[in-house]
Amino acid sequence: MPESHRPTASRKADHIRINLEEDVRSTLTTGLDQYRFVHEALPEIDLEAVNLTQVLFGKKLAAPVLISAMTGGTKQAERVNAVLAEAAQMSGVAMGVGSQRAALEDQSLAESFRVRHYAPDILLFGNLGAVQLNYGYSIDHCRRAVEMIEADALVLHLNSIQEAVQPEGNTRFSGLARKIEAVCKALPVPVIVKEVGWGISGRTARLLADAGVAAIDAAGAGGTSWSQVERYRIGDSSLGRVAEAFRGWGIPTADSIQMIRQAAPDLPVFASGGLRNGVDIAKCIALGATLGGMAGVFLKAAVRSMEDVTEMIEEISAQIRICMFGVGATDIKTLQAVSLVKDEGKISYDA
């Protein structure tokens, strides 16, 4: 059966503190710096005509922005999630909560995830660790996670390296594709699978597509290194030094998006992992993504105020809009067809 919620909740508090206070960036870059748009001095469109909206899973998004899965399970996390949800509602963007495992094991923690009353109209994602399906979790647990927050979809996250460097990590990952498939078939909402910062390969994308997932979040390397987060949590022990060695592990975000796109061309791809601004999100969309997600920057803004989060979303949206104007793309679909230039020349990617 699943372990007690107490160490789970304690880890969540540690994770928030470490992300706010320590340098936990990967030593890899996202790979997006290798790509640039071809500027069109005569775009033949008006800036006012650029449309950032799209419909995803039946919900209209005002911009292709996702406040990525982050937190929950503590009082501080409850405040952060409330602020993020209010900002998402005001801005018309999507949001995901952090892993709901602690709240399934202790119902008193569920309120820290319940944000629907702050954001009745947003596209909202629930979240569980996929590996928990090998540690006593069932389709019923997944259904309860969705019902707990009235989610529009459920994210199952993959974090094998993080689990491997945790003293209490869950590392039995065998047979998960079959169990993910069972969840996809049984749940009344779409299932999305995401990494947490090491990227999704073409092989994994094919497994997930065959399992029936509705979308894949690349969550590539270049942003937060969760092995480095665990290294700070563990301290300078032998296991901490083991974790430190994986700070440069993973598939850069730009590469992962293209691997997924080639392996599963019919699935929506979410781009996350080290994205810094709207230009990065626009590049990801041109590489084949549907929207771009950020976590750490929104966490730091949410600790300050809801106004800081909404201002950040407005700035990111303006950056995306100007990128689209600069390449003559009037909507997201057109932006997805725009060619980028790589340092060596036009994109040529062989997964």
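In the calculated pair-distance distribution of the range 149-245, the portion above 18 angstrom amounts to 52 percent of the Cα-Cα pairs. Of all segments of the chain bounded by GluC sites (Glu not before Pro) found in a DSSP loop with no more than 15 other C-beta atoms within 10 Å, the longest spans 169-343.
Residue 276 to residue 160: FRET efficiency via 1/(1 + (r/R0)^6), r the Cβ-Cβ distance, R0 25 Å, to the nearest 0.05? Show your work: numbers first, answer last.
Numbers: r = 26 Å, r/R0 = 1.04.
Efficiency for this residue pair is about 0.45.
Amide H to amide H, with H built 1.01 Å from N, residue 157 comes under 5 Å of 128, 129, 130, 194, counting only residues 5 or more places away or on other chains.
Backbone N atoms of the range 227-250 closer than 13 Å to the 7 Å Cα→Cβ label point of residue 25 are not found in any residue.
Take every DSSP beta bridge whose two residues both sit in the chain; close to 25 percent of them are antiparallel. Just to confirm the number: angle between the C-alpha axis of helix 176-186 and the first principal axis of the chain, 0 to 90 degrees, nearest 10? Relative to the chain, helix 176-186 is tipped by roughly 80 degrees. Taking the C-alpha atoms only, the angle from helix 75-91 to the longest principal axis of the chain is near 20 degrees.
Would you mind counting up the charge near residue 316? Only other residues with Cβ under 12 Å from its Cβ, with Lys and Arg at +1 and Asp and Glu at -1. Present the calculation step by step, with values, prior to reporting the outcome.
Working: positive: 276, 321; negative: 280, 311, 314, 315.
Neighbour charge sum, excluding residue 316 itself: -2.
With a cut-off of 11 Å between beta carbons, the residues surrounding residue 97 carry a summed charge of +1, where Lys and Arg count +1 and Asp and Glu -1.
All other residues with a Cβ under 11 Å from the Cβ of residue 211 taken together, and with Lys, Arg as +1 and Asp, Glu as -1, what is their net charge? So the environment of residue 211 carries a net charge of +2.
For each pair in 59/333; 283/333; 59/342; 75/179; 60/283, compute the distance between the two Cα atoms and list the pairs where it is over 25 Å.
Details: 59/333 17 Å; 283/333 13 Å; 59/342 34 Å; 75/179 32 Å; 60/283 22 Å.
Those over the limit are 59/342; 75/179.
Express in % the proportion of alpha carbon pairs of the range 248-351 at distances exceeding 24 Å. In whole percent, the share of Cα-Cα pairs in the range 248-351 beyond 24 Å is 27. Computed from point charges on the beta carbon alone (+1 for Lys and Arg, -1 for Asp and Glu), the dipole magnitude for the chain about its Cα centre is near 800 Debye.
For the pair the range 243-259 and the range 34-72, the centres of their Cα atoms are 24 angstrom apart. Mean residue ellipticity, 222 nm, helices only, the chain: the sum of -39500 (n - 2.57) across DSSP H runs of n ≥ 4, divided by residue count and rounded to 500, is -12500 deg cm²/dmol. Helix 5-21 axis versus longest C-alpha principal axis of the chain: approximately 40°, rounded to the nearest ten.
Values quoted throughout were computed directly from the atomic coordinates according to the rules given, and no laboratory measurement underlies them. Everything quoted here is computed from the prediction, not taken from an experiment. We place every Cβ from the backbone using ideal geometry, glycine too, and count neighbours over all the protein chains shown.
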